[in-house]
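Here is the structure we will look at.
Coordinate-derived values only; no laboratory data. Worth saying up front: this structure is predicted, and the values here are computed from it rather than measured. Note that each Cβ is placed from the backbone with ideal geometry, even for glycine, and that neighbours are counted across all protein chains shown.
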Amino acid sequence: MKAFTYERAKTPAAAAAAVAGHKGGKFIAGGTNLLDLMKLEIETPTHLVDVQDLGLDKIEETAEGGLRIGTLVSNTALAADARVRRDYGVLTRAIVAGASGQLRNKATTGGNLLQRTRCPYFYDTNQACNKRKPGSGCAAIGGFSRQLGVIGTSDACIATHPSDMAIALRVLDAAVETVDASGATRSVPIGEFHRLPGDTPHVENVLQRGELITSVTLPKPLGGRHFYHKVRDRASYAFALVSVAAVLNEDGSGRVAFGGVAPKPWRVEAADAKMRSGASAVARTAFADARPTHENAFKVTLAERTLAAVMQENRA
Amino acid sequence: MKFETPAGANPIDAMKVIGQAVDRVDGKLKTTGQAPYAYEHKDVPGKPAYGYVIGAGIAKGRVASMNTAEAKRMPGVLAVVSAENAQPLGKGQMNTAKLLGGPEVDHYHQALAVVVAESFEQARSAANAVRIEYERGSGRFDLAKAKPGAQPLTGNDADTHTGDFEGAFAAAPVQLDQTYTTPDQNHAMMEPFATIAWWEGDALSVWTSNQMIAWNKKELAATFKMPPEKVHVRSPYVGGGFGGKLFLRADAVMAALGAKACGRPVKIALPRPFMVNNATHRPATIQRVRIGTTKEGRITAIGHESWSGDLPGGGPEVATQQTRLLYAGANRLTAMRLAELDLPEANAMRAPGEAPGMMVLEIAIDETAEKLGMDPVEFRVLNDTQVDPEHPERPFSQRNFVRCLQEGAARFGWSRRKAKPGQVREGRWLIGMGVASAFRNNINMTSAARVRLAGDGVVTVETDMTDIGTGSYTIIAQTAAEMMGLPVEKVRVKLGDSSFPASAGSGGQWGANSSTSGVYAACVKLREAVAQRLGMDPATAEFIDGEVRAGNRSASLAEAAKSGEIVAEEAMQWGDLAKKFQQSTFGAHFVEAAVDSYTGETRVRRMLAVCAAGRILNPKTARSQVIGAMTMGVGGALMEELAVDRRFGFFVNHDLAGYEVPVHADIPHQEVIFLDEADDKVSPMKAKGVGELGLCGVGAAVANAVYNATGVRVRDYPITLDKYLAKLPAIA
Ligand SMILES: Cc1cc2nc3c(=O)[nH]c(=O)nc-3n(C[C@H](O)[C@H](O)[C@H](O)COP(=O)(O)OP(=O)(O)OC[C@H]3O[C@@H](n4cnc5c(N)ncnc54)[C@H](O)[C@@H]3O)c2cc1C
Ligand code: SF4
């Protein structure tokens, strides 16, 4: 870990300004991802701006009938909120399928969306990694890629985004609200928030330097039955091989997003339209452009079968 | 004392304390955080500095240059030690690779330097500032590729032939010939390798985390080219070892080097990735099993071959060992081949050889039973043997293997199992049952102890035996208590210190039986001394309820030591009973597993182990050993695999996020039954071990249950869903 300075910002705009004003500035929320990365010197901020005093820790109802989730709402609090459990069950289920109780107590909403990939080569600074060190190459391609992405990847990077929460947010059509150093705010649909790697896998989202996530908004409840099925090699405390977040109606229509397969929550609206034709039709559309490695080709089959399991549960 | 003839009646047989489910005597210290582990000791001369080890960033090649200038200038840095400026080191006997590499690099994360600083953070950050340039060499990292060039072995590892295997196999009406693989595995113990080292003059002291104190002392002496008497090793508490801590590792060597360089105690804990690529692992195997039987199911030919790899000078995974003894059959073959690989060092991990060997053999047995249309329990029972099949004149000391199978089957409800796989469904879940044999040999090692009786009537035991979470403190206290006629509370046990008499140490499931036998021997001597002090006849004196009784006289134990502490020291040594009798432990594992027919997720639903392992010294600690082993077995069956990068030569998933071991949610109700036994041919304790027995076969029982559930046979461990998903029933 490199030495760094530390401050606690008092207002969102001041926090944004503090990060924008420091060349090596970075926000820290729960620290559950950032600190690990700093210990390994994968992240080397020289100045940390702690956002925990910003008062962004409430869940409020919006004028549109949805919810506004402050960025500092912990994963535990979000999953436990009665309104979320009632109207956005997929979100609660996704969150509690992730990490561990202790981690979820610390992990925040914004931090969760910005957690970095779990590609093992990204974590080993002896290995080439375009995401960690732009232009150095990608050791994962041709290596141990069983956990990595099958779609949306590029020749520069095949990593996945590991968040469970984000998959549920994608199926719910959430939006990310931000503020920058000048105090300007914007709202970015979750589907446009994370970027595909292309030639610049180190650029993972649309945030500008110093731009602070203030909240995540949920549109008004969708109804339907909510599912989050996360498949992994052990029963708990592991990242997804594949996960399926789905909201299904009684007639079988609905929407679905896939986790564990791509650099961002994977949802293809054209595939949603096929829900009533069954899992195979949906998967064929959603994964039409899949480019798996020989080690992770099973994920395409698994995605289809997991969606089928969810559909079967919906019928039962 | 030498154990040369079967044990007659002795004070242990009273089983007032031995055999009782005594709570761990160190339990409270551990659950209240008062048992210090290696990194936490305060009894150190001076404020320790912190060391951070730099591991090689390549698997094979050389260090072209190492620039430490920037690191040395960083705040708090006291020293940077590498092969360039370290004293020339020797190498211990037990390690294959050098613990300090450079300029030659033998494997990934081999230690190349240590940075010592005032704080851990300073040391770590300076370590990251050391710039190393490498000349990459080409290495061999792929077992399958190296297999054709793998070499035969000699001595204990040489091929074995009994009868005419090839002929009998070819002639057998029922044949199985299959090849299986097991992956590289990591010990993944909770406590990392950790040491605090310091020098006083030319003497070296370490607090460390090690299973074998006497070996460690010798190896440190060899490494630093000094007399062993000048080395003091202490390891009173060990947070798991599983064989990984049998040997001296880089934490101790680098801490000692750092301490020498900065003239202060230095503490080092290896970070988790180093637990994988810097340390040792269980090597992968490729195994071929051939079994030929009569139509009635009698084995006429059994052959087991195994290929594994290690660094030059290393050894094989002895995966075929148990096949020599487990089942009857006149014509037999075992063979091991060793390939040279430039992966990190392969070495012992819990039940070395047996664990992967039984994972394979016991699938092969299941497959053979299926070919015969026989129940796999019955097939095993039919092929039981009471003698060493290679030397029929040599019986087992005690073998209640069949009872384990039969009692287990009855208890588990085995009769409800459907022989045809893929038949039982509960909603989306496919349900299956599997069985496998557990089989591990007993090993005895010389083990010494010192016992002291003080004027307050308290007996103190001193031996360099270790407690690696197994319960040694407790069973040793029970042994001394039984021998001296005391309650456990009147016994104090001190372990893990090289100034104490050398024990068997903890390994190869020899610890419990050997170390308590050493304590038994010392107590026999103490009883004689006590009786003499009291003027009683040592031959007839009885030690009961804190008293010594002979004839019509009795005196309290405390009285004997009133005029001064009585001390006795003795070692237990072993005659040739292990040659005359095959001494082994047995068991049967039963598993019920459910597989999601859609997603392929597997859940183990029930587990039962029935064990026959001689006298059980403490059913509570023994059960803990077995359920821990069963848990490890589930890991080995379903998830544990070090992923090899065959291009760059290292284990990629080198942390506990990538190397998955079971979590609570993976482990169902586990039941363990011990048969009521006492084996008089193994030791005066009449006990054997259970720590490795509990692991042998578990993986295969899980594999066989998954097969019974799905009808898809997977022969490559771990049995992850990607290997059978496409063969599961079609989905609606
Ligand atoms: C062992 C382990 C297992 C895990 N398993 C799972 C799992 O199964 N599923 C899963 O989804 N996750 C898992 N996680 C990840 C965990 O959910 C994330 O670490 C956590 O959500 C991050 O939140 P945080 O508040 O701690 O973020 P931090 O670590 O504080 O920050 C993460 C990043 O977000 C930035 N940031 C934080 N807040 C803001 C803001 N308001 N605006 C702009 N930038 C911001 C930081 O600068 C940093 O770059 C696991 C983590 C660990 C350590
Ligand atoms: S897949 Fe992406 S994160 Fe992984 S090594 Fe390649 S570039 Fe780095």
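Legend: calculated FRET efficiency, residue A:291 to residue B:164, from the Cβ-Cβ distance at R0 = 60 Å, rounded to 0.05, equals 0.65. Per-residue Karplus couplings for the range B:386-402, computed as 6.51 cos²θ - 1.76 cosθ + 1.60 with θ equal to phi - 60°, are listed in order as 9, 10, 4, x, 7, 9, x, 6, 10, x, 6, 5, 6, 9, 10, 4, 4 Hz, Gly and Pro entered as x. Counting only Cβ charges, +1 for Lys and Arg and -1 for Asp and Glu, the dipole size of the range A:5-52 around its Cα centre is about 160 debye. Site pair residue A:105 and residue B:21 shows an inter-label distance of 3.2 nm when each label is modelled 7 Å from Cα along Cα→Cβ.
Between residue B:171 and residue A:44, the simple spin-label model (points 7 angstrom out along Cα→Cβ) gives 7.3 nm. Bridge orientation summary for the protein assembly as shown: considering DSSP beta bridges with both residues in this region, about 75 percent are antiparallel. Is the C-alpha gyration tensor of the range A:111-269 telling us rounded, prolate or oblate? Criteria: a/c under 1.5 is rounded; beyond that, a/b larger than b/c is prolate, otherwise oblate. Taking the square roots of the gyration eigenvalues as a ≥ b ≥ c, the range A:111-269 is oblate. For the residues of A:37-44, the average number of beta carbons from a partner chain within 10 Å of their own beta carbon is 2. Straight-line cross-link reach from residue B:686 at under 13 Å between alpha-carbon atoms covers these aspartates and glutamates, not counting any fewer than eight positions away in the same chain: B:13, B:676, B:677.
Taking 0.36 nm per residue of sequence separation and removing the Cα-Cα distance, the residue A:316/residue A:83 pair yields an extension gain of 81.3 nm.
Note on residue B:371 and residue B:32: the extension gain reaches 116.6 nm, defined as 0.36 nm multiplied by sequence separation minus the Cα-Cα distance. Over all other residues within a Cβ to Cβ distance under 13 Å of residue B:160, the charged ones net out to -3, with Lys and Arg as +1 and Asp and Glu as -1. Listed cross-link partners B:494/B:580; B:47/B:98; B:30/B:267; B:371/B:418; B:16/B:494 are compared with a 25 Å cut-off, the Cα-Cα value being larger for B:494/B:580; B:47/B:98.
Ranked by the mean number of other Cβ atoms within 10 Å of their residues, highest first, the peptides B:332-341, B:173-182 come out as B:332-341, B:173-182. Taking Lys and Arg as +1 and Asp and Glu as -1, the other residues whose beta-carbon sits under 15 Å from that of residue A:79 total +3. Under the classification rounded if a/c is under 1.5, otherwise prolate if a/b is larger than b/c and oblate if not, where does chain A fall, given a ≥ b ≥ c as square roots of the Cα gyration tensor eigenvalues? Since a/c reaches 1.5 but b/c is at least a/b, the shape of chain A is classed as oblate.
Pull out a ≥ b ≥ c, the square roots of the eigenvalues of the alpha-carbon gyration tensor of the range A:240-316, then state rounded if a/c is under 1.5, prolate if not and a/b is larger than b/c, and oblate in the remaining case. Write out the running numbers ahead of the final one.
Details: a/c = 1.91, a/b = 1.66, b/c = 1.15.
Here the range A:240-316 falls in the prolate category.
In whole Å, how far is the Cα centre of the range A:86-118 from that of the range B:252-302? If we compute the Cα centre of each part, the gap is 36 Å. Taking every alpha-carbon pair within chain B, the share separated by more than 49 Å comes to 18 percent.
Taking the centroid of alpha carbons for each part, the range B:486-510 and the range A:230-307 are 56 Å apart.
A simple spin-label model places the labels of residue A:250 and residue B:144 5.2 nm from each other, with each point 7 Å out along Cα-to-Cβ. Mean per-residue shielding of peptide B:597-606 is 5, counting Cβ atoms of other chains within 10 Å of each Cβ.
Relative contact order of chain B, taken over Cα pairs closer than 8 Å and 6 or more residues apart, is 17 percent.
Counting other C-beta atoms within 10 Å, and keeping those with at most 13, which DSSP coil trypsin sites (Lys or Arg not before Pro) do you find in the range B:240-318?
B:295
Once the Kirkwood radius over Cα pairs is known for the range B:266-338, the Stokes-Einstein relation at 37 °C and 0.692 mPa s delivers a diffusion coefficient of 221 µm²/s. Calculate, for residue B:458 and residue B:226, the FRET efficiency according to 1/(1 + (r/R0)^6) with r their C-beta to C-beta distance and R0 30 Å; round to the nearest 0.05. Plugging the Cβ-Cβ distance into 1/(1 + (r/R0)^6) gives 0.25. Each distinct pair of alpha carbons in the protein assembly as shown adds a 1/r term; the inverse of their mean, the Kirkwood radius, is 31.1 Å. Our summary gives the range B:579-732 a relative contact order of 37 percent, counting only alpha carbon pairs under 8 angstrom and 6 or more residues apart. Checking every one of the GluC sites (Glu not before Pro) in the range A:214-316 against DSSP loop status and a limit of 13 other Cβ atoms within 10 Å picks out A:250. Ranking B:446, B:148, B:1 by Cα position along the charge dipole of chain B, where only Lys, Arg, Asp and Glu carry charges on their C-beta atoms, puts B:148 farthest toward the positive end. Peptide A:230-242 has a mean of 6 when you count, residue by residue, the C-beta atoms of other protein chains within 10 Å of its C-beta. Proximity of backbone amide H atoms, modeled 1.01 Å from N, is registered between residue B:604 and B:594 at under 5 Å, excluding neighbours fewer than 5 places apart on the same chain.
Any chance you could run the full-extension gain for residue A:36 through residue A:225? It's 0.36 nm times the residue separation minus the Cα-Cα distance, nm to one decimal.
Residue separation times 0.36 nm, minus the Cα-Cα distance, leaves 64.4 nm.
Counting every pair of alpha carbons in the range A:5-52, the share spaced more than 18 Å apart comes to 23 percent. Over chain B, dividing the summed -39,500 (n - 2.57) contributions of all DSSP H runs of at least 4 residues by the number of residues returns a 222 nm mean residue ellipticity of -7000 deg cm²/dmol.
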